[in-house]
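S.K.: Got a structure here, written out as structure tokens. Questions coming.
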Amino acid sequence: MTMHIPDQTGRTVIVTGGSSGIGKATAAALAAKGARVILAVRDQTRGRAAAAEIGGLTESRPLDLGSLASVREFARTTDGPIDYLINNAGSMTDTLRHTTDGFESQFGVNHLGHFALTNLLLSQITRRVITVSSTNYRSAHIDFEDLQWQRRPYRPFGAYGQTKLANLLFTRELQRRLSRAGSPILATAAHPGWAATGFTMTTGRRILDHTLALGTRLLAQSPEGGARPTLLATIGDVPGASFSGPSRFGVRGPAALEELSGEALNDDTAQKLWEVSELLTQIKFPLPTS
Ligand SMILES: NC(=O)c1ccc[n+]([C@@H]2O[C@H](COP(=O)([O-])OP(=O)(O)OC[C@H]3O[C@@H](n4cnc5c(N)ncnc54)[C@H](OP(=O)(O)O)[C@@H]3O)[C@@H](O)[C@H]2O)c1
């Protein structure tokens, strides 16, 4: 089932991690409707190949979310209005690794990189900031005592879940700040359910990882299917701070709005995470608040 996407001629979209999987499918759907699409990717060979394959007004530009210098450079060299910023990129690492700025890699890439990018580009964004999360947020917790897994034994799934919960709390607090600043921009979030992409889920336990890989082969939907919630959160008639996902058991099927639960609804946690993220990145919300 395809989604109706109105004409996007004249609109500019940035998709992080747009050279593969859900990001590429999202980019292709918007480019097919006339949008100018910037694939913000760390590997330019793959980015250019994806841009050529997608066609239309699609280009590839370098962005490594694991480096604040790269994020700053991307923002510095991005001119003009941006209709939609789609924070799609994400990674899961099986062992404790760090970004060039010394952040735990998943937290640095999935949350802090997008936090920095959004705030640096916010004064150019005209319509929406869309962030791709995951249902893993439900079993996750933001541990402010040990955000970077320095004291606890590293758990790949726990670290990933924390970043996907952070994506939702970021969206919530961003929307609160935008509304307070009187901005018409919306912050929305989505999750793809289960999609067969290059994304590798690594729990660190071999048997479980093999089972997950088998499940992906048998049960997951296509990247195009996984992109539908992102597209709904981008061009659909949805409210700020909303969460879009697949309507069939939250795993596949047409996109629909979904209720958030638990810690993802906690405004105090959202505000605290924002403040900590500002401290860690030294990048602040740029719009004036009355
Ligand atoms: N597939 C699923 O079932 C599923 C479920 C829940 C949530 N998600 C979320 O969906 C989003 C897209 O994932 P996907 O499934 O489409 O997997 P994917 O094909 O692996 O795409 C992830 C993208 O993120 C990019 N990326 C990773 N680290 C980066 C960095 N440091 N800087 C810039 N880009 C970086 C990757 O680029 P490289 O090619 O350079 O590594 C890749 O293009 C992710 O946020 C993921 O958490 C996916």
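The values are calculated or read from the model by the stated rules, or taken from the named source; none is laboratory data. Quantities reported herein were computed from a predicted structural model and do not represent experimental measurements. Cβ sites come from the backbone with ideal geometry, for glycine too, and all protein chains shown count toward neighbours. We work out accessible area using only protein heavy atoms, side chains counted, and drop any ligands, DNA or RNA first. Shrake-Rupley method; radii C 1.70, N 1.55, O 1.52, S 1.80 Å.
S.K.: Length gain on complete extension for the stretch residue 72 to residue 205, per 0.36 nm per residue less the alpha carbon to alpha carbon distance?
M.R.: 44.2 nm
S.K.: What relative contact order, as a whole-number percentage, does the chain give when Cα pairs under 8 Å and 6 or more residues apart are counted?
M.R.: Reported relative contact order: 18 percent.
S.K.: Roll a 1.4 Å probe over the protein heavy atoms and report the accessible area of residue 57 in Å², nearest 10.
M.R.: So the heavy atoms of residue 57 present about 110 Å² to solvent.
S.K.: Something else: How big is the antiparallel share of DSSP beta bridges in the range 8-281, given as a percent to the nearest 5?
M.R.: Around 20 percent of the beta bridges assigned by DSSP in the range 8-281 are antiparallel ones.
S.K.: Mind listing the phi-derived Karplus ³J(HN,Hα) values for the range 59-74, rounded to whole Hz, using 6.51, -1.76 and 1.60 with θ = phi - 60°, and x for any glycine or proline?
M.R.: For the range 59-74, the Karplus-derived couplings read 9, 10, 10, x, 8, 10, 5, x, 9, 5, 5, 5, 4, 4, 5, 4 Hz, x marking Gly and Pro.
S.K.: Mind checking which of 113, 178, 200 is farthest towards the positive end of the range 8-281's charge dipole, using Cβ charges of +1 (Lys, Arg) and -1 (Asp, Glu) about the Cα centre?
M.R.: Among 113, 178, 200, the one farthest towards the positive end of the dipole of the range 8-281 is 200.
S.K.: Check cross-link reach from residue 164 to the lysines: straight Cα distance under 26 Å, and skip same-chain residues fewer than eight apart.
M.R.: 24, 272, 284
S.K.: Of 232, 218, 137, which is farthest along the charge dipole of the chain in the positive direction, counting Lys and Arg as +1 and Asp and Glu as -1 at C-beta?
M.R.: The residue sitting farthest along the positive end of the dipole is 218.
S.K.: Which value, in debye to the nearest 20, gives the size of the charge dipole of the range 8-281 about its Cα centre, when Lys and Arg are +1 and Asp and Glu are -1 at the Cβ?
M.R.: It works out to roughly 540 debye.
S.K.: Which three semi-axes in whole Å describe the equivalent ellipsoid of the range 78-136, each the square root of 5 times a Cα gyration tensor eigenvalue, listed largest first?
M.R.: Equivalent ellipsoid semi-axes, largest first: 25, 14, 7 Å.
S.K.: A further question follows. Determine the distance separating the Cα centre of the range 101-115 from the Cα centre of the range 17-64; give it in Å without decimals.
M.R.: What the calculation gives is 22 Å, centre to centre.
S.K.: Here is a further query. Over all distinct Cα pairs, what is the inverse of the mean 1/r for the range 1-113, reported as the Kirkwood hydrodynamic radius in Å?
M.R.: Final number for the Kirkwood radius of the range 1-113 is 14.4 Å.
S.K.: Give the value in nm², to one decimal: projected area of the alpha carbon convex hull of the chain, averaged over all directions.
M.R.: 14.1 nm²
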